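Taken together, the values in this text are just the output of simple stated rules run on the coordinates, not laboratory data. None of the values given here were measured: they were computed from a predicted structure. Cβ atoms come from the backbone with ideal geometry, glycine included; neighbour counts cover every protein chain shown.
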Amino acid sequence: MKKKIKPCPFCGSNAEIICFNSEYGTVTIGCTNEKCDITMGKGFFSDEEAITHWNRRKRNM
Ligand SMILES: [Zn+2]
């Protein structure tokens, strides 16, 4: 069962899982809005872990 990714806390656009480091196979989550273009700036070894962290994000992080 896949967790749902919350929208970007900054602009409300959809967020998606993106590759963080292809060598280590880590992923992160970033905003799909090119003008916003934020990511978590940190890699995770599973989609679920990345989503958990993203969904906890607050605007001031
Ligand atoms: Zn955004």
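Quick notes
- Region 1-24, subset of a type in the set (S, T, N, Q) and closer than 14 Å to K35 by Cα, residue surrounded by the fewest Cβ atoms within 10 Å (Cβ to Cβ): N14
- Residue check for I29: β-branched (V, I, T), in contact with a helix residue (DSSP H, G or I) (Cβ under 7 Å, 6 or more places away or on another chain), assigned to a strand (DSSP E or B) and surrounded by 13 or more Cβ atoms within 10 Å (Cβ to Cβ): yes
- Number of residues in region 1-38 that are aromatic (F, W, Y) and within 15 Å of the ligand (Cβ to nearest atom) equals 1.
- The residues in region 10-26 that are in a loop (DSSP other than H, G, I, E, B) and either over 17 Å from I51 (Cα atoms) or aromatic (F, W, Y) (or both) can be counted, and the count is 5.
- Every condition in (1) near the ligand (Cβ under 10 Å from one of its atoms); (2) small (G, A, S); (3) in a loop (DSSP other than H, G, I, E, B) is met by G41 except one, and the failing one is (1).
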